[in-house]
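Reading through the structure tokens given below for one structure.
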Amino acid sequence: MATNRTFTMIKPDAVADGHIGNILKDIIAGGFKIVAMKYTKLSPEKAGEFYAVHAERPFYGELCEFMSSGPIVAAILEKDNAVADFRTLIGATNPAQAAEGTIRKKYAKSIGENAVHGSDSDENAAIESAFHFAGTEIFS
Ligand code: ADP
């Protein structure tokens, strides 16, 4: 069910630094089931589309450039209370403020290059999942 799913990306910084395996291990240890996953790369246009909600923010250009700078891992995760629990697992946007043990605390470099994305609502989880995956690529 949509309310039990969230969408994530392991961002280019964490992929380049070799953290894919450790981040997936943390996600699974956190009780999430991976129901869709792909290793891919966003074009600058696709990154702009994905983050369109931030178009007016001063960091939008930087964000789109960063998110299209290298490969990412995109995934759909399933768990009760997936959206909120995943935001807890990844920690605050700024790793300097993220709680000990969270994915961003362990692997993020900065507020911009912060290792992982996690949807902020059930509605956005569904939109973001559909942005990256066809129904035939999701296995629950
Ligand atoms: P979150 O990813 O924690 O939901 P936001 O939705 O506020 O955070 O921002 C989306 C993404 O934009 C962040 O994950 C980060 O990569 C980038 N970002 C947010 N704030 C800044 C900032 N002040 N400077 C640079 N990049 C930022």
_Anchor Lys11: lysines whose Cα lies under 21 Å away (excluding residues fewer than 8 positions away in-chain)_ = Lys25, Lys33, Lys38, Lys41, Lys46, Lys105, Lys106, Lys109
_How far apart, in nanometres, would the label points at Ala99 and Phe59 be if each is projected 7 angstrom from Cα along the Cα-to-Cβ direction?_
2.1 nm
_If each DSSP helix of 4+ residues adds -39,500 (n - 2.57) and the sum is divided by the residues in the chain, what number results at 222 nm, nearest 500 deg cm²/dmol?_
-10500 deg cm²/dmol
*Report, by chain and number, residues whose modeled amide H sits under 5 Å from the one on Ala36, excluding near sequence neighbours (fewer than 5 apart, same chain).*
Ile76, Phe139
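Taking region 90-129, which GluC sites (Glu not before Pro) meet the DSSP loop condition and have no more than 12 other C-beta atoms within 10 Å? Present the calculation step by step, with values, prior to reporting the outcome.
Details: sites: Glu100, Glu113, Glu123, Glu128; in loops: Glu100, Glu113.
Qualifying residues, ordered by number: Glu100.
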*Tell me, what is the per residue accessible area of the chain in Å², probe radius 1.4 Å?*
51 Å²
*Rounded to a whole number, what % of the accessible area of the chain do carbon and sulfur atoms account for, probe 1.4 Å?*
54 percent
_Please list 3J(HN,Hα) in residue order for region 115-125, calculated via the Karplus relation 6.51 cos²θ - 1.76 cosθ + 1.60 where θ = phi - 60°; whole Hz, with x for glycine and proline._
6, 9, 10, x, 4, 9, 7, 4, 4, 5, 4
*Going from most exposed to least, what order do Arg5, Arg57 have by accessible area with a 1.4 Å probe?*
Arg57, Arg5
*Provide Rg and Dmax in Å for the chain, with only Cα atoms included in the calculation.*
13.8, 39
*Name the long-range amide H neighbours of Ile72: under 5 Å, sequence gap of 5 or more, or other chain; modelled H, no Pro or chain starts.*
Thr40, Lys41, Leu42
*Filter the chymotrypsin sites (Phe, Trp or Tyr not before Pro) in region 91-140 to those in DSSP coil with at most 13 other Cβ atoms within 10 Å of their Cβ, and list the result.*
Phe139
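The values are calculated or read from the model by the stated rules, or taken from the named source; none is laboratory data. Just so we're clear, the structure is a prediction, and the values are computed from it rather than from any experiment. Methodologically, a virtual Cβ is constructed for each residue, glycine included, from the backbone with ideal geometry; neighbour enumeration extends over all protein chains shown. Protein only, heavy atoms only, side chains kept; ligands, DNA and RNA dropped before computing areas. Shrake-Rupley method; radii C 1.70, N 1.55, O 1.52, S 1.80 Å.
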